[in-house]
Amino acid sequence: MPRTLRLILRRLLSALPSVAAVVVVTFVLTRALPGDPAAYFAGPAATPQAVEEVRKRLGLDRSLPEQFLSYLGELARGEMGTSLTTGQPVRDDILARLPASLELTLAGLLLAVTVAIPLGVAAATRPGSWIDHSARVVSTAGVSLPVFFTGLLLVYVFYYLLGWAPAPMGRLDLFATTPPTVTGFLLIDSLLAGEGATFRAAAAQLALPALTLGLFSVAPLARMTRASMLGVLSSDFVRTARASGLSRSTVLVTYALRNALLPVVTTLGMVFSFLLGANVLVEKVFSWPGIGSYAIEALVASDYAPVQGFILTMAVMYVGLNLLVDVLYGIIDPRVRIEA
Amino acid sequence: MTATLRHIRYVLAENPVTGVAFGGFLLILLLALAGPALAPYDPLASDTAAALQPPSWAHWFGTDHLGRDILSRVMVATRLDVQISLAAVALSFAFGSVAGVCAGWFGGTVERVLSRLVDTIMAFPLFVLAMGVVAALGNTVGNIVVATAIINFPFYVRMARAETNARREAGFIEAARLGGNGDARILGFHLFPNILPPMMVQVSLNMGYAILNAAGLSFIGLGVRPPTPEWGIMVAEGASYIVSGEWWVALFPGTVLMLAVFCFNLLGDGLRDIIDPRRRT
C-alpha cells in the first residue's frame, strides 16, 4: 500500500506544473493583453480621471511582475475579485453555482460510461454485424453533433411534442421546495432530506441536459472501447482462456474487458476536456444555474473577474479530474505501480 | 499514378460513404463560393408581416422572428463559417507543423520548450480556453479564428513531431544529408512533403471541429454579431422559439451545421483510408 501512496504523491507533484501553467495563463489572459480592464471596470461613461483612479485601485498601474505577485497572493487567500453584475465576490458566486455544474457533468459522464462500454464491447464481439455498424455511425455522428443543437432537439421532442420533460428552466421547477443544502447536489440533498417529490422533480430537470452531455461523450468512449476490445480479444491470453474452456462471460469480462479498459480510462482525460466545454453550452440551452451560464452572462457584460474565476475553476477541475484518472489507472493496472 | 487512382476508386467502392462525404464537401464549397448569389432572398431583409412562418413553397426553411428567409440565411452563412474554420485550421496547421517538425528534428531545448507550451494549452478544457482567449483579445470574428487556431495548435505539433521522429533516421533523409543538404532544405523539401499526407487527414478532421467550435462560441454570444447570418448564432436565435413549437428556426441551421461537420469527419476518415490502408478501422 505505501507503494500506491507514493504513486499518488508522485502524480500529485506531477500535476503542479499544470496548475502553475494554468495560473500564469489565466493571469496573462486577463491582465497583459490589449484592452484596458480599468476602462471596463470604470464603465463606459467614466472620465479619464475616474479610469486612472480605478487603475490605481485595481493595482493596474504597477509593473506586471508586481501585479502577478499580488494576484498570487489573492489566489492564495481564495480571493478572485468581485463581480460587477452580481455585486458578490466571485468566489462566493462560483462556490454557490459549482455543485449545479458538477452534478450535471457527473450525471452526463455516468450516463455515457454506462452506455458506451457495453456498446463498445458488443460492437467488438460481433465485428461487421449490424450492431457494429450502428455503433460506428453513432460514434461518428456523436462527434459531429453540436451539443447546443442536440439539447434543443431533445427539448423540442420531449418537452414540446411529448410533454414528458419539464420546461428547460433550471434545476428545479417553481413548485418544488429546495432541500436544505448539504452537498449542493440536489439529487443527494433531497434524498437526505427524505423528500421524494423534490428528488423526482430534480431528476426530471436533470434528465435532458445530462442526456445531451451523455450523447456527446458516448462517441469517443464507445470508439475506444471497441478498438481496444478488438485488440485484446485477438491476443494470446484470451485465446488461452477460451481454449481452457472458461465460460464466455468470464473470458469477456474478467479477461478481456479488464485489460481493454485501460486505454479507455486514458481517453477519459480527453472526454473531460470536451465535457467541461460542452457543459457551458448545455447550461446555456437549459438555463442551468451553473458556473458556465454565470461565465456567459459575465462575458456578455464584459465583466472580467467572473470570467477569470471561471476559467481558473474549470482548468483546476480539469487538472484534478485528470489526476484522479491517473491515480485510478495506477490502482487498476498493477504494471504501472511496479514501474513507479 | 494509375495505381493511386485505382486505389482511390477501390476505396470509394468499398466505402460509398466517403463518396457521399466528398459530394457534400463539394456542395459546401459551392455554397461558400456562390451562396450569396444563389440565395433566393436577401438574408438581411426583414418582413414582419411574414414572421415565424413554417416552411412553405415560398420559404423552404420557413422564416425567423423578423420574417427573414432562413434558407437564404443558411446559404449565405456557409461562407462565413467556412472562412472562419479554414482560416483557423490554416493558422494552426502552419504554426503547428513548423513547430512540430522542429521539435521532432532538433529535439533538446526546442522540443522541451514546445512540449511545455503544448502541455500548457492542453491543461485547459479547450472550449473554455477559447472562451478566455476571445474574452481577453476582444469580441470579434478575427479573435474567434485566433482562439480556434490556438486550441487546435497542440494536435498539429504532436502529430508533426511524431511523424518527424519516425522518419528522422529514414534512408531518404540520410541520402539527402549525404547529398549535402542543410537542415532547412532537408526539412522543407524532403521531410515535410512526406509527413503531409497524414497531416492532411488531421486537417480534414480538424475542419469539422473548428466549425463546431466557432459555432459554439457564437452560440453563446461571442464573435459574430447579429444580424450577420452564421449557423451558431441562428441556432441561438431559434433556441427561444423551440419551447413554443417554432422548430424550423433552429432546426435548419443546426442540421446544416451538423451535416457540414459530419461531412468533414467522414472525409477525414475516407482520406485516411486512401492514404494509409493500414489504419483503416
Which of the residues spanning the range A:4-18 are within 8 Å of another protein chain (Cβ to nearest Cβ) and not hydroxyl-bearing (Ser, Thr, Tyr)?
A:Pro17
Residue tally, condition farther than 20 Å from B:Pro229 by Cα and open to solvent by 10 Å² or more (accessible area, probe 1.4 Å), over the range B:139-148:
1
Step by step: first the residues of the range B:221-241, then only those that are part of a loop (DSSP other than H, G, I, E, B) and facing another protein chain (nearest Cβ under 10 Å), then the one that is farthest from B:Met131 (Cα to Cα). Which residue is that?
B:Gly221
Residues in the range B:257-279: is at least one part of a helix (DSSP H, G or I), at pLDDT 85 or above and away from every other protein chain (no Cβ under 11 Å)?
no
Any chance the range B:44-52 includes a residue that's in a helix (DSSP H, G or I), open to solvent by 50 Å² or more (accessible area, probe 1.4 Å) and not aliphatic (A, V, I, L, M)?
yes
Test result for A:Ala207, away from chain B (no Cβ under 14 Å), in a helix (DSSP H, G or I), open to solvent by less than 60 Å² (accessible area, probe 1.4 Å) and farther than 30 Å from A:Thr140 by Cα:
no
If you take the residues in the range A:253-285 that are at the interface with chain B (Cβ under 10 Å from one of its Cβ atoms) and not aliphatic (A, V, I, L, M), which one is farthest from A:Ala315 (Cα to Cα)?
A:Lys284
Please name all residue pairs, on different chains or six or more residues apart, with Cβ atoms under 6 Å, provided the first residue is in the range A:292-318 and is facing chain B (nearest Cβ under 9 Å) and the second residue is assigned to a loop (DSSP other than H, G, I, E, B) and crowded, with 23+ Cβ neighbours inside 10 Å.
A:Ile296/B:Ile220; A:Met314/B:Pro125; A:Ala315/B:Phe124; A:Tyr318/B:Pro125
Here, helices (runs of 4 or more DSSP H) confined to the range A:85-179 with at least 1 residues that are closer than 20 Å to A:Arg200 by Cα, open to solvent by less than 50 Å² (accessible area, probe 1.4 Å) and out of contact with any strand residue (DSSP E or B) (no Cβ under 9 Å at 6 or more places or on another chain) are A:90-125, A:147-154
Being touching a Phe, Trp or Tyr at 6+ places or on another chain (Cβ under 8 Å), away from chain B (no Cβ under 11 Å) and under 27 Å from B:Gly208 (Cβ atoms) is true for just one of A:Ser101, A:Ser144. Which residue is that?
A:Ser101
Would you check if A:Arg226 is touching a residue at least 60 places away in the same chain (Cβ under 8 Å), of a type outside the set (Gly, Ala, Ser) and in contact with a Phe, Trp or Tyr (Cβ under 7 Å, 6 or more places away or on another chain)?
no
So, first residue at the interface with chain A (Cβ under 8 Å from one of its Cβ atoms) in the range B:106-125, second residue of a type in the set (Phe, Trp, Tyr) and open to solvent by less than 60 Å² (accessible area, probe 1.4 Å), Cβ within less than 8 Å, six or more apart or across chains; the pairs are B:Ala123/A:Tyr318; B:Phe124/A:Tyr318; B:Pro125/A:Phe272; B:Pro125/A:Tyr318
On the given criteria, is B:Gly208 open to solvent by less than 10 Å² (accessible area, probe 1.4 Å) and within 28 Å of B:Met75 (Cβ to Cβ)?
yes
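Among the residues of the range A:216-251, how many are out of contact with any helix residue (DSSP H, G or I) (no Cβ under 7 Å at 6 or more places or on another chain) and either at positive phi or assigned to a helix (DSSP H, G or I) (or both)? Give the derivation first.
Taking the range A:216-251 first, the residues out of contact with any helix residue (DSSP H, G or I) (no Cβ under 7 Å at 6 or more places or on another chain) are A:227, A:231, A:234-236, A:239-240, A:243-250.
Then keep just the ones that are either at positive phi or assigned to a helix (DSSP H, G or I) (or both); that gives A:227, A:231, A:236, A:239-240, A:243, A:245, A:248-250.
Here the count works out to 10.
Restrict the check to the range B:167-174 and report whether at least one residue is assigned to a helix (DSSP H, G or I) and within 12 Å of chain A (Cβ to nearest Cβ). Quick ask: steps written out before the conclusion?
Of all residues in the range B:167-174, those assigned to a helix (DSSP H, G or I) come to B:167, B:171-174.
Filter once more, so that each one left must be within 12 Å of chain A (Cβ to nearest Cβ): none.
No.
Report yes if B:Thr164 is open to solvent by 40 Å² or more (accessible area, probe 1.4 Å) and in contact (Cβ under 8 Å) with a residue 24 or more places away in the chain, otherwise no.
Against the criterion (open to solvent by 40 Å² or more (accessible area, probe 1.4 Å) and in contact (Cβ under 8 Å) with a residue 24 or more places away in the chain), B:Thr164 does not qualify.
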Which of the following residues is loosely packed, with under 15 Cβ neighbours inside 10 Å and modelled with pLDDT under 80: A:Arg200, A:Arg248?
A:Arg200
Looking at (1) assigned to a helix (DSSP H, G or I); (2) closer than 30 Å to A:Phe310 by Cβ, which is the only condition B:Ala103 fails?
(2)
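Each row is one residue, and each column tells you yes or no for (1) in contact with a helix residue (DSSP H, G or I) (Cβ under 6 Å, 6 or more places away or on another chain); (2) β-branched (Val, Ile, Thr); (3) surrounded by 23 or more Cβ atoms within 10 Å (Cβ to Cβ).
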position	(1), (2), (3)
B:Val74	yes, yes, yes
B:Arg79	yes, no, no
B:Val89	yes, yes, yes
B:Gly104	yes, no, yes
B:Phe124	yes, no, yes
Out of the residues in the range A:215-238 that are more than 17 Å from A:Leu111 (Cβ to Cβ) and open to solvent by less than 10 Å² (accessible area, probe 1.4 Å), which is farthest from the other protein chains (Cβ to nearest Cβ)?
A:Val238
When the range A:283-304 is checked residue by residue, the ones that are surrounded by fewer than 21 Cβ atoms within 10 Å (Cβ to Cβ) and in a helix (DSSP H, G or I) are A:Glu297, A:Val300
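Do we have A:Val182 as among the aliphatic types (A, V, I, L, M) and part of a helix (DSSP H, G or I) here?
Considered against the rule, which asks whether it is among the aliphatic types (A, V, I, L, M) and part of a helix (DSSP H, G or I), A:Val182 comes out as no.
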Output the residues belonging to the range B:174-198 that are within 15 Å of B:Cys102 (Cα to Cα) and open to solvent by less than 30 Å² (accessible area, probe 1.4 Å).
B:Ile186, B:Leu187, B:Leu191, B:Ile195
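The values are calculated or read from the model by the stated rules, or taken from the named source; none is laboratory data. Note that this is a predicted model, so its numbers are computed, not measured. Cβ sites come from the backbone with ideal geometry, for glycine too, and all protein chains shown count toward neighbours. Note: areas computed on protein heavy atoms with side chains; ligands, DNA, RNA excluded. Shrake-Rupley method; radii C 1.70, N 1.55, O 1.52, S 1.80 Å.
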